[in-house]
Amino acid sequence: MSNLTQETDNQRTNGKRTNRKIRIGIVGCGEVTQIMHWPSLNQLADLYEVTALCDISPLVLETLGKRWNVGALTTDHGELVGRSDVDAVLVASPHAFHAEATLAAIAAGKHVLVEKPMSVNQREANEIVAAQQKNRVVVQVGYMRRYAPAFLYACDAVKQIGSIKFARVRDFLGSNSLIINQTSAVIRDHHLPKRIQEEANRRDEELVIEALGGNRTEDVKTAYRLMLGLSSHDLSAMRELLGMPGRVLFAAQRAGGRYLSAAFDYEGFVCQFETGVDNIPRFDAHLEVFAEQKTIRVQYDTPYVRNLPIRVFMTEANGQGGVTTIDAHPAWGDPFVAEWKAFYNNVTENRLPKSGPEDFLLDLELFTQMVQLMRKD
């Protein structure tokens, strides 16, 4: 158990708790950190204090260190996780380095919020599960959509919908840069040595090949990377909304692995999944559940513009020959803020996150089944 959790336990007196700030070290200071995580942590300044930054780029570190008034800067995540003024670590580096940084933080007794995917393959995920259980720290995967009030509202509504007949998960969007370049000023280092990017690409390739085994065509590797990145959000939310499907009935990829389709068997109904990335600057993502008398749809917008509403639409017969649709917006706020609030509660109350390491293994299980079917396609 971490020192922070022990100290927080000591702060509870007569049923009351005084907030102690969790000191955060950030590993990876790219666009996700700059656009979403830093503003969220800044908004929750009564709960968090960022005390150290780590990035491969000295330019990015120095610029953000001055802008965010953070003095502890390093290009070595091992140095960051070893600091005594860091209680928990945000891992937001490139995917291929998530597991390494997460394992280093756990070994140092730090709590971790790791951006999805937690790992690239099952071996890494199993190592994180074992390390978390041994060191008894909180490890939470950054599935922010599952912490949004609208999603939780929909989960409660689906429990009351009756017998489900069909479900759909959809996520089509333009490349992130089409929105980011118009709405944010991200600090980037365009002069990093070429060898750094080459090393990152090599590491990613090795981990993906390890994950896929004998199925190593370029199209399938691209499809698998899309699953790890975008689709992990969708299917993780599907699992919380509907449960774990019994099996994958069908899966296919087209357009070089950039468009995917799958069908998941829930015995009484089928959930259809469809996703793709194009060059239209929009974000069309939703989960929809169909029953005899009602449909429920959770509609997401781009996460790269903060505080955009996530809405729930419920449609049912009105008893007069027509229909009634309720457009619910349960609360203002950003899902990244919601997940950081949940992380604080999980750390201070010593709770296991719903989006923990073992939960992430279920996503890898679905990805594996999908890839196996794509091999036969």
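The values are calculated or read from the model by the stated rules, or taken from the named source; none is laboratory data. What you see is a predicted model, and the numbers here were worked out from it, not measured in a lab. Glycine also receives a Cβ, built like all others from the backbone with ideal geometry; neighbour counts cover every protein chain displayed. All accessible areas refer to the heavy atoms of the entire protein, side chains included, with ligands and DNA or RNA removed. Shrake-Rupley method; radii C 1.70, N 1.55, O 1.52, S 1.80 Å.
Some values worked out for this structure:
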| quantity | calculated |
| --- | --- |
| The chain: DSSP helices with Cα axial extent of at least 24 Å and average Kyte-Doolittle hydropathy no lower than -1.0 | 357-376 |
| Whole-Hz ³J(HN,Hα) from phi, Karplus 6.51 cos²θ - 1.76 cosθ + 1.60, for the range 306-313, glycine and proline x | 5, 6, 5, x, 9, 10, 10, 10 |
| Protein accessible area in the chain, 1.4 Å probe - carbon and sulfur % | 48 |
| Whole-Å distance, taken between Cα centres, linking the range 184-211 and the range 319-342 | 37 |
| Zero-based 20 Å bins, Cα pair distances in the chain, whole percents | 27, 59, 14, 0 |
| Column: log10 I(q)/I(0), Debye, Cα scatterers of the range 200-245, q = 0.18, 0.25, 0.33 Å⁻¹ | -0.62, -0.87, -1.11 |
| Distant alpha-carbon pairs in the range 257-376 (separation over 25 angstrom), percent | 48 |
| In order through the range 255-265: 3J(HN,Hα) via Karplus (6.51 cos²θ - 1.76 cosθ + 1.60), integer Hz, x for Gly, Pro | 6, x, x, 8, 10, 10, 9, 7, 10, 10, 8 |
| Pairs from 159/294; 21/110; 21/354; 165/294 whose Cα-Cα separation, in the structure shown, is over 18 Å | 21/354 |
| Debye intensity ratio in log₁₀ form over the Cα atoms of the range 67-148, taken at each q of 0.23, 0.27 Å⁻¹ | -1.12, -1.38 |
| MRE, 222 nm, helices only [DSSP H, n ≥ 4, -39500 (n - 2.57), over the chain, to nearest 500] | -12000 deg cm²/dmol |
| Other-chain or far-sequence residues with amide H under 5 Å of residue 140's (modelled H) | 112, 113, 114 |
| With 10 Å bins from 0: P(r) over the range 99-204, alpha-carbon pairs, percent | 11, 23, 31, 27, 7, 1 |
| Distance (nanometres) between label positions extended 7 Å along Cα→Cβ at residue 375 and residue 332 | 5.2 |
| Antiparallel bridge percentage (DSSP; both residues within the chain; nearest 5) | 60 |
| Probe 1.4 Å, accessible area per residue of the chain, Å² | 44 |
| Volume per residue of the C-alpha convex hull in the range 175-219, rounded to whole Å³ | 111 |
| Positive-end residue of 329, 372, 93, charge dipole of the chain with Cβ unit charges | 329 |
| Highest to lowest packing among 249-259, 316-326, 121-131, 218-228, scored as the average C-beta count within 10 Å | 218-228, 121-131, 249-259, 316-326 |
| R0 of 22 Å, Cβ-Cβ distance residue 122-residue 166: FRET efficiency to nearest 0.05 | 0.10 |
| For the range 129-167 versus the range 286-315, the gap between their alpha-carbon centres in whole angstrom | 15 |
